[in-house]
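Since the structure comes first, as structure tokens, the remarks are kept for the end.
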Amino acid sequence: MLLINPDRNLLSGIKKYLESQRRLLIVSLYLICLFSADSFAQAPVPFGPVPSAAQLQWHETGMYCIVHFGPDTFTDKEWGYGDEDPALFNPKNFDAMQIVGAAKSGGFKGIVLVAKHHDGFCLWPTKTTEHNISKSPWKNGKGDLVEEFKKACDKLGMKFGLYCSPWDRNSALYGKPAYVEMYRAQIKELYTKYGPLFMSWHDGANGGDGYYGAAREKRTIDRTTYYGWDTTFALVRKLQPNAAIFGDIGPDVRWVGNEEGHAGITSWQTYTPAALEEGKIAANGFSKYWEATTGHRDGQSWMPAECDVSLRPGWFYHAKDDNKVKSPYELFDLYFQSMGRGAGLDLGLSPDRRGVLHENDVKALKSFGELLKQTFDKNLLLGARFDASNIRQNNEPLYGTANLIDADPYSSWITDDEYKVPVLTINLKEETTFNIIKIRENIKLGQRIDSLTLYAWNLNKWEKIAGATSIGSLRLIRLSKYLTAKRLRLVINDASASPAISELGLYAEPVRLGAPEIKRNKSGEIEITSISPVTGIHYVVNGGETLIYQSPFLLPDGGIIKANAMNGNKSGEQQIKEFGLAKNKWKVLSPVGVNNLLIIDDQSQTVAEAGSVNGASPEWVIDLASIVTFRSFTFLPPQDNMLDGIVDQYVFYVSDDNKNWKLVSKGTFANIAANRVEQRVALPSAVSGRYIKFLALHVLSGTKARIAEIGIVK
């Protein structure tokens, strides 16, 4: 009945109620708009360059691995010449899931696959060249290794990136305009078929000797103009707009300037690109690569650094390096020197000839991942009270200190514009022991903080415990010892704009029983020491029985020593060291001079130097004191940052009488400028002699050759 003849008073009441709600809604919307407009007007303005969307996802990736696998794996080389037969490549037990899974167990979030290295061999069935995987016996020429890695990454939730080398020592077209079109066609194939990619990786190795379609010659290009990088990178942007582009000088991510895995203690994420000319030395004695290590505070571009370093001494697999895999704690230290300084960590993985990672590599990655979890799983600041000297607009929900521990990298404690040097006091719930402080800036607003200091309350006063510069996307401060405190204070000393700190954390790494240090003096005497409190040190020489170290012992003929520090029944991290022949009786016959004794002083930081005589190559002649039979020699380049005098081509001779010489090795130290590890050159067969001669056929820069050490391994 009410539906047919509704009461007039009821209708009037409903009408008034709806009118009042309409007015309330209008007022509410007005207030919301007013508040939002005010907040927007007062929002902090970004300072300097800021990251693009592609760069932000790269920062969020943080750690990833670059995989080197190809003909070099089967020829035992680092840089293939380009004439390698595709039939060599046949990894019968290849397992991309094992390789990618091992990387994931280490805490890495992405894989960059080297789809083509400098030898020109393509790991996918490309239409651009016959020098590709379809010509190999693997899977009867029907395989696609790039596709296998892509699928494994997808299954395991890992990001995928690619590197296609611009230098091609196989192609007859290299050095000509037609090759650039071929290279871009390869980029188009890869970036169309195997995306989406998180990274497009490019390095600076360009031009030199090679096969070049049987020409077997040296070809030189101007790497600043030959590839037409503007056009090439525009193609990358078009095909993979979300991929960060890495190169020596960007454009998105810069090389850190070394292959040792560390950024500068101060490392700005802003940078002004300049051509990195090999051989050009700055006035301070360092090459221009040093600038890439530290970046520029006033840099024109947001261009953070990538720290690339291999898990092994080289980038490709070599069986002789199976005992030289970086330990979990070595990786942990590198993590603080790269990620902990705002850079990315790009760790090189090297599958073996089976097509999987060696057991030692898998173990190291897994243990490293566990160490990261044990350290960073719990933020010890959770539950603490923060007292800030200033909060922007007094707006605690939007800009307050609760944002410091909410795990959102873009919510922040931000101060008013005029308040650039605030103080934050931290009151922990209880006495807390830690040794790591974690700080992040909201990089969407730029890199704003120049320096800060941390204090702890001790004996009724504030004591300085640490300081840092260049915070950026991440800064990890690792104290030299554990600290216990209940109150802390963070003081911004200097900032270019009002600070915007997005994360703050305290952590404690597990108590470490570190690896002992193994040293040998020139007389061949071995000493093993430990910096950790230990009850003993166990060691093994050349795979023999386990011994307890009590005092120094002689090892004049060299060998492999493995040692572990012991604390009760607990065994610490293992140290493995290989030594060649002791050099105490050796003599440098030429060139004459005290300086050249440094080539056999067993000190990696000293350098011997020699120039050409009458136009001949610099050479060293060494008397081994007696006839020795050996299978390898070792060469250590200078460990400084100079490019002058770096030997990249050599000849090695032996002699019984210092008159009649036999050539036993001639070759190239590939990638020696960037990766200055000891080079061990295996000879085709064992040789005997009392005298050795080393000729420096070519140096990367300058007129003199510089060498840290020469050695012999039986």
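Derivation of every value follows stated rules applied to the coordinates shown; laboratory data play no part. As the structure is a computational prediction, the values presented were derived from the model and not from experiment. Don't worry about glycine lacking a Cβ; one is built from the backbone with ideal geometry, like all the others, and counts go over all protein chains shown.
The angle between the Cα long axis of helix 177-193 and the main principal axis of the chain comes to about 50°, on a 0 to 90 degree scale.
With a simple spin-label model that places each label point 7 Å from the Cα along the Cα-to-Cβ direction, the separation between N427 and K142 comes to 7.2 nm.
A full extension of the chain between S604 and F336 corresponds to an added length of 94.1 nm, given 0.36 nm per residue minus the alpha carbon distance. Taking the chain, how much of its Cα-Cα pair set, in percent, is spaced more than 48 angstrom apart? Here the long-distance tail beyond 48 Å is 26 percent of all Cα pairs in the chain. Of the two radii for region 385-507, the radius of gyration is 0.94 times the Kirkwood radius, both from the alpha carbons; that is the Rg over Rh value.
Computed from the Cβ-Cβ distance with R0 of 45 Å, the FRET efficiency linking D322 to S480 stands at 0.85.
Under the convention that each Lys and Arg Cβ holds +1 and each Asp and Glu Cβ holds -1, the size of the dipole of the chain around its Cα centre is about 1000 debye. Extension gain, D222 to A407: 0.36 nm times the residue separation minus the Cα-Cα distance gives 62.0 nm.
Along the charge dipole of region 587-713, which of G593, L624, G645 sits closest to the positive end, that is, farthest toward it, with unit charges on the beta carbon of Lys, Arg, Asp and Glu (+1, +1, -1, -1)? Farthest along the dipole direction, towards plus: L624.
Relative contact order of the chain, taken over Cα pairs closer than 8 Å and 6 or more residues apart, is 10 percent. Residues of region 609-628 with backbone nitrogen within less than 19 Å of a virtual label 7 Å along the Cα-to-Cβ line of T703, please, listed as ranges. Inside the label zone: 609-620.
Of the cross-linked pairs K116/K583; K522/K693; K151/K577, those separated by over 31 Å at the C-alpha level are K116/K583; K151/K577.
Normalising the Debye intensity of region 517-579 to I(0), with uniform scatterers on Cα atoms only, and taking log10 at q = 0.14, 0.17 Å⁻¹ returns -0.36, -0.53. Using the alpha carbons alone, the radius of gyration of region 587-713 stands to its Kirkwood radius in an Rg to Rh ratio of 0.93.
Here region 414-428 and region 326-360 have alpha carbon centers that stand 37 Å from each other.
Spacing of the modelled spin labels on L156 and R690, each 7 Å from Cα toward Cβ, amounts to 5.6 nm. With both labels modelled 7 Å from their Cα along Cα-to-Cβ, the Q574 to N394 distance reads 6.4 nm. Sorting S136, S105 by the number of Cβ atoms found within 10 Å of their own Cβ, with the fewest placed first, yields S105, S136.
Annotation: for a label point projected 7 angstrom from Cα along Cα→Cβ of L589, residues of region 641-658 with backbone N closer than 17 Å are 652-658.
Dimensions of region 344-383 from C-alpha coordinates, computed as largest minus smallest value along each principal axis and given longest first, are 52, 21, 10 Å. Ellipsoid fit via the Cα gyration tensor, region 57-122: semi-axes of 26, 15, 8 Å, each the root of five times an eigenvalue, largest first.
In the chain, a dipole from Cβ-located charges (positive for Lys and Arg, negative for Asp and Glu) runs towards its positive end, and of I518, A670, F434 it is F434 whose Cα lies farthest in that direction. Here region 53-372 is described by how far its Cα atoms reach on the three principal axes: 52, 46, 36 Å, from widest to narrowest.
Placing R0 at 51 angstrom, the Cβ-Cβ distance between E370 and E418 gives a FRET efficiency of 0.65 after rounding to 0.05.
Taking the fewest neighbouring Cβ atoms within 10 Å as the starting point, the ordered list for K570, K562 is K570, K562. Counting every other Cβ atom within 10 Å of each residue's Cβ, S350, S52 order from fewest to most as S52, S350. For region 342-412, the equivalent ellipsoid derived from the alpha-carbon gyration tensor has semi-axes of 42, 14, 8 Å in decreasing order. May I ask for the equivalent-ellipsoid semi-axes of region 596-671, computed as the square root of five times each C-alpha gyration tensor eigenvalue and listed largest first in whole Å? Semi-axes from the Cα gyration tensor: 22, 16, 14 Å. Ellipticity at 222 nm from helices only: DSSP H runs of n ≥ 4 in the chain, each -39500 (n - 2.57), divided by the residue count, give -6000 deg cm²/dmol. Pairs with C-alpha atoms separated by more than 32 Å, drawn from the list K127/K324; K320/K519; K585/K662, are K127/K324. Rounded to the nearest 20 debye, the dipole magnitude of region 385-507 is 460 debye, with +1 charges on Lys and Arg beta carbons, -1 on Asp and Glu beta carbons, and the Cα centre as origin.
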